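Peer 1: Before anything else, here's the structure in question.
The values are calculated or read from the model by the stated rules, or taken from the named source; none is laboratory data. Quick caveat: nothing in here was measured; it's all calculated off a predicted structure. With ideal geometry, Cβ positions are generated from the backbone for all residues, glycine too; neighbour counts draw on all protein chains shown.
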Amino acid sequence: MSGDASIATSNVDPHQRQGSTEFQIDNETARRVGQMVLLNFKGCSVSKEIRTMIETYYVGNIMLSPKNIQAAAMAKVADDILDASQLANLTKELQKIAQDTGYQHPLMIGIDQENGMISRFGDGIRATHFPGAMTLGATRAPNQAFEVGRATAKELAAVGINWNFAPVLDVVNEQDGTGASVRSFGDDPQNVGRFGQAFSEGLRAGGIASCAKHFPGTSKEALSMGRTIEELEATELVPFRRAVSSGLDSVKLSSSLWSDNPEDPLYAKFMVHDVLRRQIGYEGVVLGNCTDMPCFREKSNIAQATVGALMTGCDMVMVLHNADTQRRGIEAIYDAVRRNDILKSEIYRASGRISLLKEHYLSWKMALSPNSHILPSLIHDHQILARKVYETAITVVRDENCLLPLNHKLSAADTVLLLAPVVRPLHPTPPGELPTDPFEPLGRALARRHSRIRHAPYTIQGLTPLHTTLMKRASAVIFVTVNALQTPQQGYQLKMAEEVQHMCASKPFVAIAACDPYDLLSARTFGTYLCTYEYSQAALETAAAVIFGERHAPGALPVGTPGVPVRRQQKQWFVEVWEKRKDLYASADLWKDCLGRKWPLDASTLSTLLDRPGYSKHFVVRNPVTDELLGLAATYTIMLGPNQMIGSLALLMVRPTHRNLGIGLSLHDVAIRHLSLTPGIASIQLGSIFPRLFPGLPVDIPADDSAWFAHRGWRFEEKYVYDLCMDIDSWAPPETILGPLAAKGISFNRCTPEQFEALIDFEMKNFGTYPGWVEKYQTLKDTDDIADAILATSRDGILGAALVFSPVSNNQMSKDIPWPKMMGERNGGLACVSVGREFRGQGLGLALICASILELKSRGLKGCFVDWVDLAEFEGTYKQLGFQQWGKYREIWRRI
């Protein structure tokens, strides 16, 4: 049973409590709606309002914020000893309320713990302050992202948090004019995907769910600037495809999906249903923040926001506001269900997805017994990990004047001036305490290395007489910026930096971007430039060590310099339909270049495989200058039943000299779009049934090639099929197989014309639902190859059948499966072994195989090829006859 359908029914329904029939829906649906809502609340203990939401409205998901967490200074029970019981007790009490209300699954309790600049829980005291996304991106080591993700999960789980709204999979796009965000891993879509996947897998390894955000990873303004969906496929959507392929738990939508016109949800529906669900193949939970939608922000219309989000395709709606707004939002959903604006089937489908997520991660035993007592030991271990990452990430973007290490330019009597902006602390200041300067740790770290450090903050007011006096006395200046391109008073930090550098004249001037690396990235006049990506204590202390030569700076800038072309950006290629007359021989050359060494095929054989009018459509990309064929995607359709077909992406190859340029992506997307829009296609296979290039993805292709398909949304499961072969020249059947069946009056012979209609009736009755199966028997009559069907018969009629073929026969199987011919002219094949349902389990299939091999031997053939058998058939049947594995393929499908 999906959803929370087994919740006890002792509570009064919400609509009954309201004393009105306006919102009446059945109790079960009301409970499922509650599981589709995520709320927040204020206070460090359970409020009356949130208790009501759980007990009365069956809300199944809670989002915590700093307002729910006791200030770290107040949580200390002794010097340097943290009492984390407040948060653990809060989550435990919430779960106990849900259990007492009769919930089947515990609450999902989540938090925004992206780390770095967004660290709701980890403040370095109550929990570890971990490096953020761009810091991790600068390390060039996804394994460190995994370790940080796992460590983050362990600390959150210790206080009863089971869901993290991270990682951010947005790709930094400086051309959009928004500047860089250190919440992202960088500007390379592939790297963002790698690090995001590693961080998510780390969270899962630590026992909590992840929520990637913010799909589709760009603003709609980017589309209005001329960027198409196809261009987004090569950039912003790349990380989400990779996350989906690795098992994405949940995804949060970007508020930009609703930014243009809140009355028109077509764009949002397209992105959720067509792109996220169909093209990328995501089947998990989709979240939308209703209180961040224009219809609520501008009109306070929570009803339109909640209902609109669900109708757009969200499985869960976030209502992060006061209790009255939350109640009205839920009741608006009730009313929409009552009016059939939202179908109950959609409610059940969405709540079912949420239930699957909960079943994977949650249990009442863990929910009711958080183990916050282990936090001190976790923090001790994790601080070592965090510092290691900071030390690996610190980046010297340039040091054109060789100022580093700075101590080589100073004497003991020289004064160094540290100028840093006045910015908010990374973590909230406990009540009753004065805010501290975030750059005091940097000043102290510098002072430990040089005794004459002077630290002077600066503000939007600019240079003061004190600043001028200090600069005149200083022998060197260290100037810090924080988000200089993103502040409301954009530019004042840059103006300050230019003025200070001008006043320094020939004095050493070291610039540090303590958050956004774009601050001074394009200003080459700042010759010595470091990036820390955040102003946490560990990051700033590492910067001091680098400046004074105690530590190397191994980090790599995870974004490109504005205005400098980036070679890695992928181009969109013009895709054309394949034409036999024009493209056959070029396709054969392309095959030889890509696959010919392991799977040699000549142009004639490839022609019989590709030229299938009415059943195939192939696509090519050419060099726009030389017209050389650079890539080919082959697709087929095959009938599954009346008005129902299977689509096949049978082949996708790109010339080795032109890979990683977007050719494969362009071909893949056009091919999938063609198959998806073909009426009657219910699913698409990676590989093909008939004709057979490969029955799936060969397991021995390079790992990067397999990963490429996984990142395009193909789901990899441990399901394999095999091609087999055997030398039959000296083979003889075991005496125990054919003899006992002959004693029962069962004989094996070639099919005669008189038996053919009965054979077709037999195949239709037993194998009519097998794609292309019956058709292969029917075509025997067209090619005058009826004798290629081997029958098992008795006085009861036909009991079973099998097809045999040789490379020189007219049998359609010889044209559909090219590999026996590739192995040699005297190799034949065996396919479509059929045993009637009532005769299975009696050794008849094994006997048919033996009889077919004997038939091939009688024709002078030396080898036998068998295609597409599963592991059970291989191990249980063919191996005992002497067959060996020739090829192994991963069977991969995607639904439409």
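Peer 1: Output the residues belonging to segment 30-52 that are part of a loop (DSSP other than H, G, I, E, B) and either surrounded by 22 or more Cβ atoms within 10 Å (Cβ to Cβ) or outside the structural domain of Met311 (by TED's automatic domain parsing) (or both). Let's see the steps before the verdict.
Peer 2: Taking segment 30-52 and keeping what is part of a loop (DSSP other than H, G, I, E, B), we get 36, 40-47.
Scanning segment 30-52 gives Met36, Phe41.
Peer 1: Does segment 286-312 hold any residues that are assigned to a loop (DSSP other than H, G, I, E, B) and of a type in the set (D, E, K, R), and which are they?
Peer 2: Glu298, Lys299
Peer 1: Follow-up. Within segment 313-367, considering only helices (runs of 4 or more DSSP H) that don't extend past its boundaries, which have at least 3 residues that are out of contact with any Ser or Thr (no Cβ under 7 Å at 6 or more places or on another chain) and under 24 Å from Glu283 (Cβ atoms)? Talk me through it step by step, then tell me what you get.
Peer 2: Details: elements: 323-338, 344-361, 364-367.
It comes to 344-361.
Peer 1: So is Val389 modelled with pLDDT under 95 and buried (at least 17 other Cβ atoms within 10 Å of the Cβ) or not? Give the steps one after another, and end with the answer.
Peer 2: On the way: modelled with pLDDT under 95: no; buried (at least 17 other Cβ atoms within 10 Å of the Cβ): yes.
No.
Peer 1: Taking interchain pairs and intrachain pairs at least six residues apart, which have beta carbon atoms under 6 angstrom, with the first residue in segment 196-214 and among the hydrophobic types (A, V, I, L, M, F, W, C) and the second surrounded by 23 or more Cβ atoms within 10 Å (Cβ to Cβ) and in a helix (DSSP H, G or I)?
Peer 2: Qualifying pairs under 6 Å: Ala198/Ala145; Phe199/Ala145; Phe199/Gly149; Leu203/Gly149; Leu203/Ala153; Ile208/Ala153; Ile208/Leu156; Ala212/Ala243.
Peer 1: Take the conditions buried (at least 18 other Cβ atoms within 10 Å of the Cβ) and among the charged types (D, E, K, R) and apply them to Arg655. Does it pass? Full working, then the answer.
Peer 2: Working: buried (at least 18 other Cβ atoms within 10 Å of the Cβ): yes; among the charged types (D, E, K, R): yes.
When the stated conditions are applied, Arg655 passes them.
Peer 1: Right, something else. Taking the condition closer than 26 Å to Gln99 by Cα, at pLDDT 95 or above, among the small types (Gly, Ala, Ser) and crowded, with 16+ Cβ neighbours inside 10 Å, does Ser351 pass? Let's see the steps before the verdict.
Peer 2: Numbers: closer than 26 Å to Gln99 by Cα: yes; at pLDDT 95 or above: yes; among the small types (Gly, Ala, Ser): yes; crowded, with 16+ Cβ neighbours inside 10 Å: yes.
Criteria met by Ser351.
Peer 1: Please count how many residues of segment 611-627 are of a type in the set (D, E, K, R) and under 15 Å from Leu661 (Cα atoms).
Peer 2: Step one: of segment 611-627, the residues of a type in the set (D, E, K, R) are 611-612, 617, 622, 627.
Subsequent filtering for residues that are under 15 Å from Leu661 (Cα atoms) retains 622.
Number of matching residues: 1.
Peer 1: For Gly824, only one of the following conditions fails: (1) free of Cβ contacts under 8 Å to residues at least 40 places away in the same chain; (2) of a type in the set (Gly, Ala, Ser); (3) crowded, with 20+ Cβ neighbours inside 10 Å. What is its number?
Peer 2: Exception for Gly824: condition (3).
Peer 1: Could you please let me know if Glu331 is at pLDDT 95 or above, out of contact with any Cys (no Cβ under 7 Å at 6 or more places or on another chain), buried (at least 17 other Cβ atoms within 10 Å of the Cβ) and of a type in the set (Asp, Glu)?
Peer 2: yes
Peer 1: So which residues in segment 764-796 are within 20 Å of Phe839 (Cβ to Cβ), surrounded by fewer than 22 Cβ atoms within 10 Å (Cβ to Cβ) and either of a type in the set (S, T, N, Q) or modelled with pLDDT of 95 or more (or both), if there are any at all?
Peer 2: Passing the criteria: Asn766, Thr769, Thr793, Ser794.
Peer 1: Of all residues in segment 453-496 being in a loop (DSSP other than H, G, I, E, B) and touching a residue at least 40 places away in the same chain (Cβ under 8 Å), which is farthest from Leu404 (Cα to Cα)? Outline the logic, then answer.
Peer 2: Of all residues in segment 453-496, those in a loop (DSSP other than H, G, I, E, B) come to 459-464, 474-475, 482-491.
Okay, now just the ones that are also touching a residue at least 40 places away in the same chain (Cβ under 8 Å), so 474-475, 482-483, 485-486.
Numbers: Ala474: 17, Ser475: 15, Val482: 22, Asn483: 24, Leu485: 26, Gln486: 28 Å.
Applying the filter and picking the extreme gives Gln486.
Peer 1: When you check Asn340 against the structure, is it modelled with pLDDT under 95, surrounded by fewer than 18 Cβ atoms within 10 Å (Cβ to Cβ) and not assigned by TED's automatic domain parsing to the domain that holds Gln304, yes or no? Lay out the reasoning, then the answer.
Peer 2: On the way: modelled with pLDDT under 95: yes; surrounded by fewer than 18 Cβ atoms within 10 Å (Cβ to Cβ): yes; not assigned by TED's automatic domain parsing to the domain that holds Gln304: no.
Spelling it out, it is not the case that Asn340 is modelled with pLDDT under 95, surrounded by fewer than 18 Cβ atoms within 10 Å (Cβ to Cβ) and not assigned by TED's automatic domain parsing to the domain that holds Gln304.
Peer 1: Conditions: (1) within 40 Å of the chain's Cα centre (by Cα); (2) under 18 Å from Pro691 (Cα atoms); (3) touching a residue at least 40 places away in the same chain (Cβ under 8 Å). Asp870 meets all but one. Number of the miss?
Peer 2: (2)
Peer 1: Which of the residues spanning segment 493-505 are of a type outside the set (D, E, K, R) and either at pLDDT 90 or above or in contact with a strand residue (DSSP E or B) (Cβ under 8 Å, 6 or more places away or on another chain) (or both)?
Peer 2: Filtering segment 493-505 down to residues of a type outside the set (D, E, K, R) leaves 493-494, 496-497, 500-505.
Gln493, Leu494, Met496, Ala497, Val500, Gln501, His502, Met503, Cys504 - these are the residues of segment 493-505 that are of a type outside the set (D, E, K, R) and either at pLDDT 90 or above or in contact with a strand residue (DSSP E or B) (Cβ under 8 Å, 6 or more places away or on another chain) (or both).
Peer 1: Next up: Please find, within segment 463-515, the residue that is nearest to Leu557 (Cα to Cα) out of those that are of a type in the set (Phe, Trp, Tyr) and under 40 Å from the mean Cα position of the chain (by Cα). Give the steps one after another, and end with the answer.
Peer 2: So the first thing to find is which residues in segment 463-515 are of a type in the set (Phe, Trp, Tyr), and the list is 479, 492, 509.
Now restrict to residues that are under 40 Å from the mean Cα position of the chain (by Cα): 479, 492.
Working: Phe479: 19, Tyr492: 24 Å.
Here the residue is Phe479.
Peer 1: Of everything in segment 122-172, what is part of a loop (DSSP other than H, G, I, E, B) and within 20 Å of the chain's Cα centre (by Cα)? Give them in sequence order. Walk me through it before giving the result.
Peer 2: Our first condition is that a residue be part of a loop (DSSP other than H, G, I, E, B); within segment 122-172, this holds for 122-132, 140-141, 159-162, 165-167, 169-172.
Result: Gly132, Arg140, Ala141, Asn162, Phe165, Ala166, Pro167, Leu169, Asp170, Val171, Val172.
Peer 1: Right, here's the next one. Taking the conditions exactly as written (touching a helix residue (DSSP H, G or I) at 6+ places or on another chain (Cβ under 8 Å), within 21 Å of Gln86 (Cα to Cα) and in contact (Cβ under 8 Å) with a residue 24 or more places away in the chain), does Leu320 satisfy them or not?
Peer 2: no
Peer 1: If I filter segment 315-327 for residues that are charged (D, E, K, R) and under 30 Å from Thr152 (Cα atoms), do I get at least one hit? Before you say what the answer is, go through the steps one by one.
Peer 2: Going residue by residue through segment 315-327, those that are charged (D, E, K, R) are 315, 324, 327.
Then keep just the ones that are under 30 Å from Thr152 (Cα atoms); that gives 315.
Within segment 315-327, one or more residues are charged (D, E, K, R) and under 30 Å from Thr152 (Cα atoms).
Peer 1: Which residues, taken from segment 96-121, are within 16 Å of Arg32 (Cβ to Cβ), hydroxyl-bearing (Ser, Thr, Tyr) and either within 31 Å of the chain's Cα centre (by Cα) or buried (at least 21 other Cβ atoms within 10 Å of the Cβ) (or both)?
Peer 2: In the first step, residues of segment 96-121 are kept if they are within 16 Å of Arg32 (Cβ to Cβ); the result is 98, 101-105, 107-108.
With the extra rule that they be hydroxyl-bearing (Ser, Thr, Tyr), the set shrinks to 101, 103.
Tyr103 - this is the single residue of segment 96-121 that is within 16 Å of Arg32 (Cβ to Cβ), hydroxyl-bearing (Ser, Thr, Tyr) and either within 31 Å of the chain's Cα centre (by Cα) or buried (at least 21 other Cβ atoms within 10 Å of the Cβ) (or both).
Peer 1: Within segment 456-474, is even one residue closer than 21 Å to Ala538 by Cα, in the same structural domain as Leu530 (by TED's automatic domain parsing) and either out of contact with any strand residue (DSSP E or B) (no Cβ under 9 Å at 6 or more places or on another chain) or buried (at least 18 other Cβ atoms within 10 Å of the Cβ) (or both)?
Peer 2: Within segment 456-474, the first condition is being closer than 21 Å to Ala538 by Cα, and the residues that meet it are 456-457.
Retained after the next criterion (residues that are in the same structural domain as Leu530 (by TED's automatic domain parsing)): 456-457.
Then keep just the ones that are either out of contact with any strand residue (DSSP E or B) (no Cβ under 9 Å at 6 or more places or on another chain) or buried (at least 18 other Cβ atoms within 10 Å of the Cβ) (or both); that gives none.
Within segment 456-474, none of the residues are closer than 21 Å to Ala538 by Cα, in the same structural domain as Leu530 (by TED's automatic domain parsing) and either out of contact with any strand residue (DSSP E or B) (no Cβ under 9 Å at 6 or more places or on another chain) or buried (at least 18 other Cβ atoms within 10 Å of the Cβ) (or both).
Peer 1: Can you tell me how many residues within segment 138-157 are surrounded by 24 or more Cβ atoms within 10 Å (Cβ to Cβ) and under 13 Å from Asn191 (Cα atoms)?
Peer 2: Matching residues across segment 138-157 total 3.
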